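Report on the structure given below.
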Amino acid sequence: MYNSKYPTKVIGCMITASHNVWWDNGVKVTIDGEIPSQEEEDIIKDGMARCMEGGMDGGMDGGTDRGMEEEGNHNYKHTNTLVLGWDNRYSSPYLVSVISLGWAGPVRTVGLCSTPVLHWCAEVGGVGGRDGGRDVNMWCEEFGGAFREFMSLVKPFGPTTTVNVDCAMGSASTLLPSLLPHLAPYLNLNLLNVYPPSTSGAVVNTRLNNRCGSEHVQNSRSTPKVYNGDPRNWSGMSASVDGDVDRIVFFSKGRGDGTEVKLYDGDRVNSLLTKWIVETTKGEMWGGGKDVRVGAVQTAYANSNSTKFLKKLGVECNVVKTGVRYLHHCASRYDVGVYFEPNGHGTVLFGTSFSSWLDSRSNAESTLPYWVEAMRATKRLCNQLVGCAVSDLLVVTGVLEATGGGWEGFYKDVTTTITKVRVLDKGVLKCNHNETKVVEPRGMQGELDEIMRKGEGRVFVRASNTEDVVRVFAETERGEGQCKNLAEEVERVVLKWCGARSKM
């Protein structure tokens, strides 16, 4: 087990099913606040499952030890500190109790929180809190203070900005009200779809992610259903987060009285923040005459025109395999790396050497150049551990205020569609390193290339990580009808080569 290799590491466990429906639940894990490798995550999740088994049998004297002894591992005893957080799903308190019972080492509970807050509290043991560890109030003080520092630098004067925020009836319902006092006088959040704290975890929250939240807004391109709060006719800028507050998309009201919105997704956020960093650091040197190396990271799902926009900025633009750990790892190689998935999960990372240099400048000089102060403030505001909807909300709002709010004209989105085909064995499909081309079955990619050539678009397929399906992506500048046609042609190729049963 993981403990035998790294006995001093702090394991963070967030009980959540993120953007999924209210009746689902699961766990997200972290090691010292950081994103684990796939191998580490698999080991820890297996351990969590055994803890739950042991907890339901009455603790460590129950099924957990017996199960491990049957596998010949007699050294299985949890000595790692476990930091637990959870969302407001009805089943979360039960899962917390059984995991706690099954864990033999120290257990510290953060309570109802977001996934990014749990990461922060588990970082290096979360040392420094009032009870020996970090807590939600400390997180609000830290990131609220970072936002005020950022705004005092980029736009110290001006009226208070108001942003409508759809809390998705999830963890943001308790986190954002706690953060609000720390944002004055620069920002006011008009909170909608707030699940009452007095009933969180006590009754079944069937409204969680139900026709609201970032997933709904992104997929439907429509305003979320309003269960409570006044959207003010969705005037001005609005944002929607997911259930555990690690994704965010922005939107503004479309024309007319309908529910249609103008969507600003993760690709648009990536473009805005990369542009801000490039323009702020342009021509500047650090560490003995080095240029600031800026990189942008996306997946194959990114809109092609956003990729073209990023390349025009002169940054290194990377396309990596789907999965946050792959984007995070790639972004960490740069002095400043920006990564976002279209669904709104991402952040801005500062490389170790550049980050240390920024800190050393503040200790050595009383007056710093503007660009150094701006990068220091950006680093403090952007979550360095994992994508965080709240820190993204704050930095996007700040950059829009500083630059005059112009991000709609960056590029025009190409029409895209995503479908999926049920298969008997998704393992027959093998893709290249960034999932843009099929390697096996041989000959399949040639047919996809021909579809792209004739249809004037871009397509790719990949096996789902969670379902026995093949996901189909199609993109074209020729409108929704042609995009649908492309997807249907690709589905027929999947049927031919992968033995698929049906479209879902």
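The values are calculated or read from the model by the stated rules, or taken from the named source; none is laboratory data. Treat the numbers as computed from the prediction; the structure is a model and nothing was measured. When we count neighbours, we look across all protein chains shown, and the Cβ atoms used for this are built from the backbone with ideal geometry, even at glycine.
If we scan region 447-457, do we find a residue that is in contact (Cβ under 8 Å) with a residue 12 or more places away in the chain and at positive phi? So far as region 447-457 goes, yes, one or more of its residues are in contact (Cβ under 8 Å) with a residue 12 or more places away in the chain and at positive phi. Going through (1) buried (at least 19 other Cβ atoms within 10 Å of the Cβ); (2) touching a residue at least 60 places away in the same chain (Cβ under 8 Å); (3) not basic (Lys, Arg) one by one, ILE418 falls short only on (1). Selection over region 443-488 of residues that are loosely packed, with under 14 Cβ neighbours inside 10 Å and of a type in the set (Lys, Arg) gives a count of 2. Of the residues making up region 419-440, just one is among the charged types (D, E, K, R) and under 16 Å from ILE451 (Cβ atoms), namely LYS437. Taking the criterion of being on the phi < 0 side of the Ramachandran plot, surrounded by fewer than 22 Cβ atoms within 10 Å (Cβ to Cβ) and assigned to a loop (DSSP other than H, G, I, E, B), the residues of region 204-220 that qualify are VAL204, THR206, ARG207, ASN210.
Conditions (1) of a type outside the set (Asp, Glu); (2) modelled with pLDDT under 95; (3) part of a loop (DSSP other than H, G, I, E, B), marked per residue:
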position	(1), (2), (3)
LEU368	yes, yes, yes
VAL372	yes, no, no
MET375	yes, no, no
ARG380	yes, no, no
GLY406	yes, yes, yes
ASP413	no, no, yes
PHE460	yes, no, no
ALA474	yes, no, no
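Would a scan of region 67-83 turn up a residue that is at pLDDT 85 or above, assigned to a strand (DSSP E or B) and either under 19 Å from LEU175 (Cβ atoms) or outside the structural domain of GLY344 (by TED's automatic domain parsing) (or both)? Yes, because at least one residue in region 67-83 is at pLDDT 85 or above, assigned to a strand (DSSP E or B) and either under 19 Å from LEU175 (Cβ atoms) or outside the structural domain of GLY344 (by TED's automatic domain parsing) (or both).
Report, by residue number, each residue of region 226-260 that is part of a strand (DSSP E or B) and over 10 Å from GLY213 (Cα atoms). Lay out the reasoning, then the answer.
Keep residues of region 226-260 that are part of a strand (DSSP E or B), which gives 238-241, 248-253, 260.
Result: SER238, PHE250, PHE251, SER252, LYS253, GLU260.
Looking across region 222-268, just one residue is at positive phi and under 17 Å from the mean Cα position of the chain (by Cα), and that is VAL245. Identify, by number, the condition in (1) under 17 Å from the mean Cα position of the chain (by Cα); (2) not in a loop (DSSP other than H, G, I, E, B) that ALA302 doesn't meet. The number of the failed condition is (2).
Within region 283-305, take every residue that is touching a Gly at 6+ places or on another chain (Cβ under 9 Å) and not aliphatic (A, V, I, L, M) and give me the one that is farthest from SER356 (Cα to Cα). Quick ask: steps written out before the conclusion?
Initially, region 283-305 is screened for residues touching a Gly at 6+ places or on another chain (Cβ under 9 Å), giving 291, 293-299, 302.
Next, only the ones that are not aliphatic (A, V, I, L, M) stay: 291, 293, 295, 298-299.
Numbers: ASP291: 16, ARG293: 15, GLY295: 18, GLN298: 26, THR299: 29 Å.
Once the filter is applied, the top-ranked residue is THR299.
Among the residues of region 396-406, write down those that are at negative phi and surrounded by fewer than 19 Cβ atoms within 10 Å (Cβ to Cβ). If you could, list the steps in order and put the result at the bottom.
Keep residues of region 396-406 that are at negative phi, which gives 396-403, 406.
Residues satisfying the conditions are GLU401, ALA402, THR403, GLY406.
If you go through region 367-381 and keep only what is farther than 20 Å from ASP291 by Cβ and without any contact (Cβ under 8 Å) to a residue 60 or more places away in the chain, you end up with just THR367.
Residues of region 420-435 being out of contact with any Pro (no Cβ under 9 Å at 6 or more places or on another chain) and modelled with pLDDT of 95 or more, which ones? Walk me through it before giving the result.
If we filter region 420-435 for residues that are out of contact with any Pro (no Cβ under 9 Å at 6 or more places or on another chain), which is where we start, we get 420-427, 431-435.
Scanning region 420-435 gives CYS431, ASN432, HIS433, ASN434, GLU435.
Among residues of region 211-231 that are outside the structural domain of ASP392 (by TED's automatic domain parsing), those with a beta-carbon under 7 Å from a residue that is assigned to a helix (DSSP H, G or I) at least six positions away or on a different chain give the pairs THR223/TRP234; PRO224/HIS216; PRO224/VAL217.
So that you can scan it fast, the table gives a plain yes or no per residue for (1) crowded, with 20+ Cβ neighbours inside 10 Å; (2) modelled with pLDDT of 95 or more; (3) touching a Pro at 6+ places or on another chain (Cβ under 7 Å):
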position	(1), (2), (3)
SER114	yes, yes, no
VAL124	no, no, no
GLY129	no, no, no
GLY132	no, no, no
TRP139	yes, yes, no
GLU142	no, yes, no
GLY145	no, yes, no
MET151	yes, yes, no
LYS155	no, no, no
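For region 157-179, taking the residues that are at pLDDT 95 or above and surrounded by fewer than 19 Cβ atoms within 10 Å (Cβ to Cβ), the one that is farthest from the chain's Cα centre (by Cα) is identified as THR162. Checking each residue in region 424-441 for being part of a loop (DSSP other than H, G, I, E, B), under 26 Å from the mean Cα position of the chain (by Cα) and surrounded by 15 or more Cβ atoms within 10 Å (Cβ to Cβ) picks out ASN434, GLU435, THR436, LYS437. In the set (1) assigned to a loop (DSSP other than H, G, I, E, B); (2) more than 30 Å from SER114 (Cα to Cα); (3) among the charged types (D, E, K, R), the condition left unmet by GLU447 is number (1). Here region 320-366 is the region considered, the condition is being touching a residue at least 60 places away in the same chain (Cβ under 8 Å), in a loop (DSSP other than H, G, I, E, B) and not charged (D, E, K, R), and the residue that is surrounded by the most Cβ atoms within 10 Å (Cβ to Cβ) is GLY344.
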